[in-house]
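Presented below is the structure to which this report refers.
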Amino acid sequence: MMGLVLAVVSAAHATSAYDFSYSDPYGDVGSGTLSGLVDQGGGVFLVTAGDLNLTGSSDGNASVGSYSLLPAGPGQTIVEVGGGTNCQVDNLIYPAGNAPGVPSPSFLDNSGLIFENPDTKSQFGINIYNNNGEYDYGVFGGNWVLNHAGGTFTLTPASAPVPEPITFLTGLMVVSGIGAYVRRRTRIAKA
């Protein structure tokens with residue numbers, strides 16, 4: 001019984017999503033959430049879902065908006081809908097900061113993450129990746145519109161929502177009920 005309780009508590013504390021932010025000296029600023037994590041082993045996770053909210057852009061804010069993560073896997077080449085631009089992406093994150101082939105600590109490798117505007121699917125694509133220890137940011141739509149180096153990228157576990165009081169009380173009642181049941185069975189067994 002105690003092992004089951006510990007397993008449930010451990011599972012509740014597993015990270016299922018990460019919040020991230022990006023900024024560079026040129027005025028490109030964004031943040032979002034990465035989820036749908038698939039454990040690849042060794043502290044590496046494939047991200048299958050995510051969003052990017054770009055709040056500042058050095059292209060005169062033409063690319064400011066919301067973007068969705070494009071599905072990709074290790075070694076995959078994405079051809080932007082506008083044509084002309086190929087990006088090697090893998091959508092892998094390294095929460096421990098141990099990305100291979102780049103100076104540590106690094107949360108992304110040199111393929112990085114790729115996002116696309118879900119409404120137009122042809123306006124702009126956003127690629128955030130690691131380039132020898134600095135985070136680079138590329139905006140493209142048919143061809144590279146801009147590519148900036150020297151950015152910062154942070155990755156933190158997404159905070160779990162705080163349960164509403166009624167949810168907490170319901171859980172407490174269930175645990176109390178199980179405890180009462182076990183005590184009653186113990187008393188009956190002794191009699």
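The values are calculated or read from the model by the stated rules, or taken from the named source; none is laboratory data. A quick note: this is a predicted structure, and the numbers were derived from the prediction, not measured. Note that we place each Cβ from the backbone using ideal geometry, even for glycine, and neighbour counts take in every protein chain shown.
Starting from residues that are among the polar types (S, T, N, Q) and part of a strand (DSSP E or B), keep the ones in region 37-77 and report whichever is farthest from Ser111 (Cα to Cα). Top of the filtered list is Thr55. Of the listed requirements (1) at pLDDT 85 or above; (2) within 14 Å of Tyr137 (Cβ to Cβ); (3) surrounded by 14 or more Cβ atoms within 10 Å (Cβ to Cβ), Pro25 misses just one: (3).
Taking the conditions (1) out of contact with any Asp or Glu (no Cβ under 9 Å at 6 or more places or on another chain); (2) of a type in the set (S, T, N, Q); (3) at pLDDT below 80 in turn, Ser122 satisfies each one other than (1). Please work out if Leu172 is within 18 Å of Gly65 (Cα to Cα), modelled with pLDDT under 75 and not in a loop (DSSP other than H, G, I, E, B). So Leu172 does not fit the description; no. Out of curiosity, is Asn130 at pLDDT 70 or above, among the polar types (S, T, N, Q) and assigned by TED's automatic domain parsing to the domain that holds Asn61? Yes: the conditions hold for Asn130.
Could you say whether any residue in region 89-101 is within 27 Å of Gly150 (Cβ to Cβ), modelled with pLDDT of 85 or more, part of a strand (DSSP E or B) and not hydrophobic (A, V, I, L, M, F, W, C)? The answer is yes; a qualifying residue exists.
Close contacts from region 51-75, counting a first residue that is under 17 Å from Gly112 (Cβ atoms) and assigned by TED's automatic domain parsing to the domain that holds Phe153 and a second that is surrounded by fewer than 14 Cβ atoms within 10 Å (Cβ to Cβ) and at pLDDT below 90, with Cβ to Cβ under 6 Å and a gap of 6+ residues or different chains, come to Ser68/Pro118.
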